[in-house]
1. Name the one entry in B:Ala23, B:Ala27 that is over 19 Å from B:Gly166 (Cα atoms), surrounded by fewer than 19 Cβ atoms within 10 Å (Cβ to Cβ), more than 17 Å from the chain's Cα centre (by Cα) and more than 14 Å from every other protein chain (Cβ to nearest Cβ).
2. Answer yes or no as to whether B:Arg119 is assigned to a loop (DSSP other than H, G, I, E, B) and among the basic types (Lys, Arg).
3. Can you name the residue in the range B:51-96 that is among the small types (Gly, Ala, Ser) and in contact (Cβ under 8 Å) with a residue 12 or more places away in the chain and is also surrounded by the fewest Cβ atoms within 10 Å (Cβ to Cβ) among such residues?
4. With the checklist (1) surrounded by 19 or more Cβ atoms within 10 Å (Cβ to Cβ); (2) in contact (Cβ under 8 Å) with a residue 24 or more places away in the chain in hand, flag the one item B:Asp122 doesn't pass.
5. Given A:Leu142, A:Leu186, which one is part of a helix (DSSP H, G or I) and either polar (S, T, N, Q) or away from chain B (no Cβ under 14 Å) (or both)?
6. Among (1) buried (at least 18 other Cβ atoms within 10 Å of the Cβ); (2) not in a loop (DSSP other than H, G, I, E, B), there is one condition B:Arg130 misses while meeting the rest; what is its number?
7. Within the range B:65-90, can you find the residues that are more than 9 Å from chain A (Cβ to nearest Cβ), part of a helix (DSSP H, G or I) and among the hydrophobic types (A, V, I, L, M, F, W, C)?
8. For the list (1) surrounded by fewer than 16 Cβ atoms within 10 Å (Cβ to Cβ); (2) part of a loop (DSSP other than H, G, I, E, B); (3) modelled with pLDDT of 95 or more, I need the number of the one condition that A:Ile34 fails.
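The values are calculated or read from the model by the stated rules, or taken from the named source; none is laboratory data. Since we're looking at a predicted model, the values are computed, not measured. Every residue, glycine as well, gets a Cβ built from its backbone with ideal geometry; the counts of neighbours run over all protein chains shown.
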There are 2 protein chains.
Amino acid sequence: MPTITFWFDFGSTYAYLSAMRIAELAAGAAVPVIWRPFLLGPIFADQGWQTSPFNIYPAKGRYMWRDMERLCQARGLEFVRPDPFPQHGLRAARVAQLALKTDRGAAFCREVFQAQFARGADISQTETLRDCLDRCALPAELLDRSGAPPNKAALRASTDAARCAGLFGAPSFTVDGELFWGDDRLEDALAWANAPHSSEGS
Amino acid sequence: MPTITFWFDFGSTYAYLSAMRIAELAAGAAVPVIWRPFLLGPIFADQGWQTSPFNIYPAKGRYMWRDMERLCQARGLEFVRPDPFPQHGLRAARVAQLALKTDRGAAFCREVFQAQFARGADISQTETLRDCLDRCALPAELLDRSGAPPNKAALRASTDAARCAGLFGAPSFTVDGELFWGDDRLEDALAWANAPHSSEGS
């Protein structure tokens with residue numbers, strides 16, 4: 001049985017949508033999920049962007065905020081527009097890597113997304129991350145350990161792996177080397193895991 | 001009953017997907033469709049792009065071709081990659097405007113998309129457009145009439161209207177001033193037409 005890898009950057013609005021539903025959908029499809037934080041910043045820099053394309057291209061940005069508002073309303077999710085956007089998610093990603101070594105990793109990631117997009121908290125702040133850990137009954141010491149060199153290197157490696165997998169945005173999903181981009185493709189990615197159509201097989 | 005406006009540029013790969021399914025889906029939802037060709041070129045130029053973003057950003061382009069391949073296979077549509085891409089769809093759009101004044105306009109638009117994306121024909125060529133007209137039993141004289149100043153002005157007006165409606169890509173759909181972008185949002189746009197959630201009403 002193939003797994004689905006969920007690639008996300010905590011600053012991504014559409015990754016919030018996927019984070020809030022992937023566990024239930026994947027369980028229904030009996031597909032194990034690997035949560036994999038990475039950093040969009042270096043990937044965007046490859047494309048010549050110093051910030052989110054939603055900031056660079058105003059019409060695209062205006063549309064995204066309205067689209068998120070509609071989607072969150074339809075899905076019963078709270079949504080506030082973070083200020084500033086995008087937020088600095090480096091530290092949250094490093095803490096998430098440690099949290100994901102426990103059985104509460106996915107819960108922690110959801111807390112970080114909700115802190116930012118449901119409550120408007122600043123996820124670059126220590127207090128916000130400590131609160132997220134606390135809500136999952138994870139120890140605050142993960143915050144201190146997150147800056148250790150091997151953990152920092154692991155996040156760089158994930159970002160490199162994302163680039164090598166062809167990722168150019170988030171959320172993205174990979175199943176047996178097949179790439180799916182965007183929350184809209186989550187169902188397709190899960191279907192692929194259950195019935196791969198690749199001529200190479202898995 | 002609100003209508004749905006289907007905004008498309010003939011060079012858009014994902015607009016091909018919508019063109020091939022919007023008539024059936026909209027009929028099922030009892031929503032009248034207004035087919036509205038416009039030109040992405042000037043809209044992309046607003047964003048600083050001189051060609052398709054799929055050419056400018058290689059990772060995004062590689063993904064799009066694979067995504068189209070998967071989607072067309074799943075939907076039973078032929079798909080070939082046009083060469084060059086994007087094709088020059090100005091004349092096709094002008095002819096489409098005239099065809100859309102008849103009851104065979106949507107059929108003509110589907111023929112143009114299929115010529116390009118199912119058979120790899122060059123839609124900037126007279127022979128291709130004449131064949132598309134012929135397949136719909138529309139007169140070849142539309143080709144000559146397409147270059148008349150009022151028809152050229154009408155296409156420029158549509159592109160300006162697209163910009164004013166907040167469009168930044170294709171396909172896009174508008175329902176009562178609400179914008180939906182991408183083939184993925186066609187169902188949402190139709191649902192909106194039947195049950196608008198806008199606090200302003202229609």
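1. B:Ala27
2. Answer is yes for this residue.
3. Only one residue fits best here, namely B:Ser52.
4. Of everything listed in (1) surrounded by 19 or more Cβ atoms within 10 Å (Cβ to Cβ); (2) in contact (Cβ under 8 Å) with a residue 24 or more places away in the chain, B:Asp122 misses just condition (1).
5. A:Leu142
6. (1)
7. Residues satisfying the conditions are B:Trp65, B:Met68, B:Cys72, B:Leu90.
8. Condition (2) is where A:Ile34 drops out.
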